[in-house]
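Have a look at the structure below before the remarks.
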Amino acid sequence: MDAMIAWAPLLLDALSFVLVLALVSLGLVVIFGLLGVINLAHGELFMLGAYAVALAVGWGVPFWLAAALAALAVGAVGWLISAVLIERLAARPLDTILATWGLAIALRQGVVLAFGPQSRNLDAPTDADVVLGAISYPAYRLYLMALAATVLIATLLLFARTRFGLTARAAMARPDMAAALGIDVRRVWRRTFVLGAALAGLAGALIAPLISVDPYMGLGFLVPAFLSILVGGSASFAGVLVGTGIVGGADSLLGHWLSPLAAQIVVFVVAVLAIRVRPTGLVRAP
Amino acid sequence: MSRWDAPPWLALLVFAALAAVPSVLGDYWTGQMARYLLFGLFAASLALVWGRAGILCFGQAMFFGVGGYAMALLTLGVVDIPVLADAWAALGLAVLAATLFALLVGVFLFWGGGISGAYLAIVTLALAVILEQLVRGWYTLGADNGLSGVPPLPVGDNPWDPRPTYYVLLAIAAVLYAGLAMLLASRFGVLLTALRTNPQRLTYLGYSVVVLRIAAFVIGGAVAGLAGALFVATDAFASPSLIGFALSAEVLIWVALGGRSVLLAAFLAAILLRVAESYLSEALGEWWILALGLLFMLSVALAPHGLLATPLLWLRARRKPKGPAPA
């Protein structure tokens, strides 16, 4: 029982990290799966979400509304990126890696110029603790987990059960055939990109009260998110969840025993080995 | 024969102009340009691996850094092998270390089908991050502080005169450039182009795609390692930033902006961008990085052959109207 009391906060911390990472990875994987585009600016979209919520809260907007607005704002940025940059490069997917990297540099530096390189902290909407049996745990983290899980499930349902999801999956699997059947593939692309961007923005907004918000925070989430989708497999949403569970969970838990640096090295090495052994990911395509 | 490279007269012109640098620009710039020459060589190594062989490596600085750290460890006597404390012997061993490391990484990445395309970019990126974190946490390697006080190359009598070192480095760069250009104009160069454009056909013709990929990767790693070892000796300092993701991404920008498939364009772009950075980062301050990011993005979108190589390709196209377009 004592062991469980000691363990429970660690496991809950790991779970909240995994859920936020899953939001980032899910945004990444719908863009990668649908357009074959590796979006290296995804971490910066996440960062923009955190800045947007910090700004809005500073203006007096209530936190939860600010988080929703941040997701919308970052989605709008995604619309612009898709229309101006991504769709032009559709025929050269590998070049999108480079172009989005240039964009990432510009976004990061734009934020440095606008708000300065220093990090800022944001207060959580509540600093209450919830008593769960023998332990007490910050209420905000519980809200965060519930909301992240809800959004994840909603996104999965969107792709599995709605007409938009069906056309998106069709455009993903056979773009030519989908176009022949009258689906406006380009429009589906743009919507999906916006959705992925909004998910990244939401993830950034939700995690903003828990970490320090600075212009370089995106990189720290981008690499783990990519490793997650490659470890789990980019062909299915289950793969994303498995991948983030392994990468995010191991990173978060190992950080308690080893230094965060050593934990990251171990997790990255294991992830690279896993990708090498099973390039299609642990979860096979359905 | 496909020779996409710059014409030899242009390369001669570039190297002649570089040879005039010490007499025109003075000692400070000669010292800086000596470093930029090595970044140019480093960029040429990536042009071979990525532009020619089509291996999008997001971790090319791994080899630059391994060469640099090996050089620092040997000449500082941290790894105490008296025979190898001599700068030139240490240089040879540093290149060997980078070459073997590239072989190891290459075999890991490519053996038995291996990883390619977008996955390769992510995995090499992750490897560069791992290596940088490892160095940052490794006390013997100086951790975050790096290794300082690396002795300079034993060139010339007066250590304060940057010119002898500059000329030696320029000679090394010129010889290596000529060697790489000849290699790419040879049969092997054609095979590398085929590796990028049509690996299936290459397999069909009886070549081993895996062996060719590893060969290109190892040659690129060796050149990057040499550039790194010489850089550390010139700069007197091996720091974790030389081995990681940041420099890997930077060299990719130089090569993409110059022209990924033209060695000379990549070499020159690295030098010009460093010079521009020295001048403009004072004038533009923080705006310089923003401008570089946007320029990089626009160049990839609008001039994928690179800003320096695109005019060269026009030149070629005008002279030989029937020549095939570069892929």
What are the residues in the range A:247-280 that are more than 10 Å from every other protein chain (Cβ to nearest Cβ), within 19 Å of the chain's Cα centre (by Cα) and in contact (Cβ under 8 Å) with a residue 24 or more places away in the chain, if any? A:247, A:248, A:249, A:251, A:252
Restricted to the range B:5-31, and to residues that are surrounded by 17 or more Cβ atoms within 10 Å (Cβ to Cβ) and touching a Lys or Arg at 6+ places or on another chain (Cβ under 8 Å), which residue is nearest to residue B:273 (Cα to Cα)? B:30
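I'd like to know if the range B:245-260 contains one or more residues that are part of a helix (DSSP H, G or I), closer than 16 Å to residue B:150 by Cα and touching a Phe, Trp or Tyr at 6+ places or on another chain (Cβ under 9 Å).
Narrowing the range B:245-260 to residues part of a helix (DSSP H, G or I): B:245-258.
Those still in the list that are closer than 16 Å to residue B:150 by Cα too: none.
The answer is no, given that none of the residues of the range B:245-260 is part of a helix (DSSP H, G or I), closer than 16 Å to residue B:150 by Cα and touching a Phe, Trp or Tyr at 6+ places or on another chain (Cβ under 9 Å).
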Kindly provide the set of residues from the range A:33-48 that are surrounded by fewer than 24 Cβ atoms within 10 Å (Cβ to Cβ) and part of a helix (DSSP H, G or I), ordered by number. A:33, A:34
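Is it the case that the range A:52-65 has a residue that's part of a helix (DSSP H, G or I), in contact (Cβ under 8 Å) with a residue 12 or more places away in the chain, more than 9 Å from chain B (Cβ to nearest Cβ) and crowded, with 24+ Cβ neighbours inside 10 Å? Write out each step before concluding.
Step one: list which residues in the range A:52-65 are part of a helix (DSSP H, G or I), which gives A:52-58, A:63-65.
When the remaining residues are screened for being in contact (Cβ under 8 Å) with a residue 12 or more places away in the chain, the result is A:52-54, A:56-57, A:63-64.
Those still in the list that are more than 9 Å from chain B (Cβ to nearest Cβ) too: A:52-54, A:56-57, A:63-64.
Within this subset, residues satisfying the condition of being crowded, with 24+ Cβ neighbours inside 10 Å are A:53.
Checking the range A:52-65: at least one residue is part of a helix (DSSP H, G or I), in contact (Cβ under 8 Å) with a residue 12 or more places away in the chain, more than 9 Å from chain B (Cβ to nearest Cβ) and crowded, with 24+ Cβ neighbours inside 10 Å.
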Here is a list of conditions, (1) more than 14 Å from chain A (Cβ to nearest Cβ); (2) surrounded by fewer than 23 Cβ atoms within 10 Å (Cβ to Cβ), and residue B:263 meets all of them except one; can you say which number that is? (2)
Can you pull out every residue in the range B:1-46 that is aliphatic (A, V, I, L, M), touching a residue at least 40 places away in the same chain (Cβ under 8 Å) and farther than 27 Å from residue B:197 by Cβ? B:14, B:18, B:19, B:21, B:33, B:34, B:37, B:38
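Those residues that are among the β-branched types (Val, Ile, Thr) and either surrounded by 18 or more Cβ atoms within 10 Å (Cβ to Cβ) or within 17 Å of residue A:23 (Cα to Cα) (or both), I need them from the range A:222-274; list them, please. Full working, then the answer.
Applying the first criterion (among the β-branched types (Val, Ile, Thr)) to the range A:222-274 yields A:223, A:229, A:231, A:240, A:242, A:244, A:246-247, A:265-267, A:269-270, A:272.
Answer for the range A:222-274, where residues must be among the β-branched types (Val, Ile, Thr) and either surrounded by 18 or more Cβ atoms within 10 Å (Cβ to Cβ) or within 17 Å of residue A:23 (Cα to Cα) (or both): A:223, A:229, A:231, A:240, A:242, A:244, A:246, A:247, A:265, A:267, A:272.
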Contacts under 7 angstrom Cβ, first residue in the range A:76-104 being facing another protein chain (nearest Cβ under 10 Å), partner of a type in the set (S, T, N, Q) and outside any helix (DSSP H, G or I), 6 or more apart: A:100/A:39
Could you please tell me which pairs satisfy a Cβ distance under 9 Å, a separation of 6+ or placement on different chains, a first residue in the range A:105-126 that is within 15 Å of residue A:219 (Cα to Cα) and more than 12 Å from chain B (Cβ to nearest Cβ), and a second residue that is hydroxyl-bearing (Ser, Thr, Tyr) and exposed (fewer than 15 other Cβ atoms within 10 Å of the Cβ)? A:119/A:212; A:119/A:216
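Part of a helix (DSSP H, G or I), farther than 22 Å from residue B:108 by Cβ and within 20 Å of the chain's Cα centre (by Cα): is that true of residue B:215 in this structure?
Working: part of a helix (DSSP H, G or I): yes; farther than 22 Å from residue B:108 by Cβ: no; within 20 Å of the chain's Cα centre (by Cα): yes.
For residue B:215, the condition - part of a helix (DSSP H, G or I), farther than 22 Å from residue B:108 by Cβ and within 20 Å of the chain's Cα centre (by Cα) - is not met.
Only residues that are part of a helix (DSSP H, G or I), among the acidic types (Asp, Glu) and within 14 Å of chain A (Cβ to nearest Cβ): list them for the range B:269-301, please.
To start, the set of residues in the range B:269-301 that are part of a helix (DSSP H, G or I) comprises B:269-284, B:287-301.
Keeping just the survivors that are among the acidic types (Asp, Glu) gives B:277, B:282.
Within the range B:269-301, B:277 is the sole residue that qualifies.
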Answer with yes or no whether residue A:219 is within 11 Å of chain B (Cβ to nearest Cβ), buried (at least 21 other Cβ atoms within 10 Å of the Cβ) and assigned to a helix (DSSP H, G or I). no
Can you name the residue in the range B:302-315 that is surrounded by fewer than 20 Cβ atoms within 10 Å (Cβ to Cβ) and either within 18 Å of residue B:250 (Cα to Cα) or of a type in the set (Val, Ile, Thr) (or both) and, of all such residues, is farthest from the other protein chains (Cβ to nearest Cβ)? B:310
Within the range B:133-142, the residues that are at the interface with chain A (Cβ under 10 Å from one of its Cβ atoms) and assigned to a helix (DSSP H, G or I) are B:133, B:134, B:136
Looking at the range B:179-203, which of its residues are touching a residue at least 24 places away in the same chain (Cβ under 8 Å) and among the aliphatic types (A, V, I, L, M)? B:180, B:181, B:183, B:184, B:185, B:190, B:192, B:195
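Is it the case that the range B:194-212 has a residue that's within 25 Å of residue B:40 (Cβ to Cβ) and assigned to a helix (DSSP H, G or I)? Step through it out loud before you land on a result.
The first filter runs over the range B:194-212 and keeps only residues within 25 Å of residue B:40 (Cβ to Cβ), leaving B:195-196.
Next, only the ones that are assigned to a helix (DSSP H, G or I) stay: B:195-196.
Scanning the range B:194-212, I find at least one residue that is within 25 Å of residue B:40 (Cβ to Cβ) and assigned to a helix (DSSP H, G or I), so the answer is yes.
Among the candidates B:102, B:94, B:128, which residue alone is of a type outside the set (Asp, Glu), touching a Gly at 6+ places or on another chain (Cβ under 6 Å) and within 14 Å of chain A (Cβ to nearest Cβ)?
Working: B:102 fails: within 14 Å of chain A (Cβ to nearest Cβ); B:94 fails: within 14 Å of chain A (Cβ to nearest Cβ).
Residue meeting the stated conditions: B:128.
Every read-out reported here was derived from the displayed coordinates using simple, explicitly stated rules and does not represent laboratory data. Everything quoted here is computed from the prediction, not taken from an experiment. A quick note on method: Cβ atoms are made from the backbone with ideal geometry, for glycine too, and the neighbour counts reach across all protein chains shown.
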